[in-house]
């Protein structure tokens, strides 16, 4: 264990949790001291064991019994279970990064409000669609303070939507809409998630529609380009497919997210983007603790 790395644990051994583990093992600032699931025979748990990472099938109890071994916990379970885990982690003095749409902690979009999040002991990574669309909505909102309506439509490969994603569909919609509204200042927002069963599997694509009276397209394009560059610093597979265009009284923009292909297939950009955002956030907690500054 590296004393200069932040000690973290992962709750949840599914797609997201296992991909998080691979990313953490590559991090200069994080050390995964425990990988927690429910079934020691699951593919995620087996992967962790093969990588020499300590595992447990005792859920939050495994963390509560040895709280000094963890400074931060990624909760990759479900919205329902995070509501149970959150007060326990708070009592133990452990920072929580919530990968579910539970809306317990402060919403965190690293490209937008990372510094503000570091003062919180529980941050919510919103949703995959929220991580993809909110930065664009925020950029538009910075140019225009009178946005009437923003609609975001994310299309993902059906095979990249695991049981937790499907179980949290209502929470996904509500949380995404809330994030887009809060960060853009739009009067009304709507979120749509499409699970596409096409073979071969498609990459994640998110389209943002904004209704604005007399939009300044030059300023909007500059703001969107800037936020895309910020996103690419921690999500390399994030790219602008359609630059902001004014059509049928709406500003239209589309982004695509291709995953890094760590544990998940590269088409699972929806899972990759939320994990990249969570890792970027956790690493900032670590840098602040150890006084690390990067230039």
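The values are calculated or read from the model by the stated rules, or taken from the named source; none is laboratory data. Given the structure is predicted, the values throughout are model-derived calculations rather than measurements. As a convention, Cβ positions derive from the backbone with ideal geometry for all residues, glycine included, and neighbour counts pool all protein chains shown.
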Condition check for residue 107: in contact (Cβ under 8 Å) with a residue 40 or more places away in the chain and over 22 Å from residue 226 (Cβ atoms): no
Only listed residue being in contact with a helix residue (DSSP H, G or I) (Cβ under 6 Å, 6 or more places away or on another chain) and either assigned by TED's automatic domain parsing to the domain that holds residue 160 or under 24 Å from residue 166 (Cα atoms) (or both), chosen from 81, 74: 74
Qualifying residue in segment 98-109 (condition: in contact with a helix residue (DSSP H, G or I) (Cβ under 8 Å, 6 or more places away or on another chain), within 30 Å of residue 252 (Cα to Cα) and surrounded by fewer than 18 Cβ atoms within 10 Å (Cβ to Cβ)): yes
Residues that are over 16 Å from residue 138 (Cβ atoms) and touching a residue at least 60 places away in the same chain (Cβ under 8 Å), drawn from segment 166-183: 167, 168, 171, 172, 174
So residue 228, is it farther than 25 Å from residue 258 by Cβ and either surrounded by 15 or more Cβ atoms within 10 Å (Cβ to Cβ) or in contact with a helix residue (DSSP H, G or I) (Cβ under 7 Å, 6 or more places away or on another chain) (or both): no
